[in-house]
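The values are calculated or read from the model by the stated rules, or taken from the named source; none is laboratory data. For clarity, every value in this text was computed on a predicted model and none was experimentally measured. Note: ideal-geometry Cβ built from the backbone for every residue, glycine included; neighbour counts use all protein chains shown.
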Amino acid sequence: MNAMTLSPQGVEWLKHVEGERLQPYDDQTGKPIAAWVQGATVGYGHLIGRGEWERLGGGVSLAQAEQLLHQDLQPFEQAVTRSITATLSQCQFDALTILCYNIGGGNFARSSVVKMINNPRAVTTFATLEAAWKAWNRSQGKVMRGLDNRRAAEWRMYSSGAYTHW
């Protein structure tokens, strides 16, 4: 079986949520930057590595932003494929890939979400898969309204196939 990839509908959803920023900015503050900082970001949520600053620090074209997104998605698509043993629909794969993209592959692989999808009777600290999913709503220890909204929209995608935003 061929490994699944994020559908065009999933890519468009993610682009809408991440936002298009062709000039570098600080991911924590959203403010434009002129020098590399931890969290330097460009395009559709591409974290700029220190070694990439010379190439990307002056900004990117729309085509470069698209290329970066597709490159960035591959490890997260692979992480979902590696972590999930259950059969997934396309909308479920899309939602899981988008979650993984946002929380990181390591966090995803160790998550209660993965445990509960692979084994619906798995014992976790969450009563439901939805509760486990929506628990990924913190940044730097604080509950963030934006992450609450994002998790709810991802959950709708996973559970009902609705590619809606908030």
Looking only at region 111-130, and only at residues there that are among the charged types (D, E, K, R) and more than 16 Å from Ile98 (Cα to Cα), the one that is surrounded by the most Cβ atoms within 10 Å (Cβ to Cβ): Lys115
Cβ-Cβ under 7 Å pairs, at least 6 apart or on other chains, region 94-108 side in contact (Cβ under 8 Å) with a residue 40 or more places away in the chain and assigned to a helix (DSSP H, G or I), far side of a type in the set (Val, Ile, Thr) and surrounded by fewer than 23 Cβ atoms within 10 Å (Cβ to Cβ): Leu96/Ile84
Region 61-82: number of residues that are touching a His at 6+ places or on another chain (Cβ under 8 Å) and of a type in the set (A, V, I, L, M): 3
Helices (runs of 4 or more DSSP H) fully within region 1-91 counting 1 or more residues that are farther than 23 Å from Met157 by Cα and of a type in the set (Lys, Arg): 53-56
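The rows are residues; the columns are (1) without any contact (Cβ under 8 Å) to a residue 60 or more places away in the chain; (2) within 24 Å of Arg82 (Cβ to Cβ); (3) aliphatic (A, V, I, L, M); (4) not in a helix (DSSP H, G or I).
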| position | (1), (2), (3), (4) |
| --- | --- |
| Arg121 | yes, yes, no, yes |
| Phe126 | yes, yes, no, yes |
| Ala132 | yes, yes, yes, no |
| Trp136 | yes, yes, no, yes |
| Gly146 | yes, no, no, no |
| Asn149 | yes, no, no, no |
| Ala152 | yes, no, yes, no |
| Trp155 | no, yes, no, no |
| Tyr163 | no, no, no, yes |
Unique match (being surrounded by fewer than 18 Cβ atoms within 10 Å (Cβ to Cβ) and modelled with pLDDT of 95 or more) among Gly58, Gly19: Gly58
Qualifying residue in region 41-48 (condition: among the hydrophobic types (A, V, I, L, M, F, W, C) and without any contact (Cβ under 8 Å) to a residue 24 or more places away in the chain): yes
Cross-chain or 6+ apart pairs with Cβ under 8 Å, region 14-39 first and on the phi < 0 side of the Ramachandran plot, then in a strand (DSSP E or B) and of a type in the set (Ser, Thr, Tyr): Arg21/Thr41; Pro24/Thr41; Tyr25/Thr41; Asp26/Thr41; Asp27/Thr41; Lys31/Tyr25; Pro32/Tyr25; Ile33/Tyr25
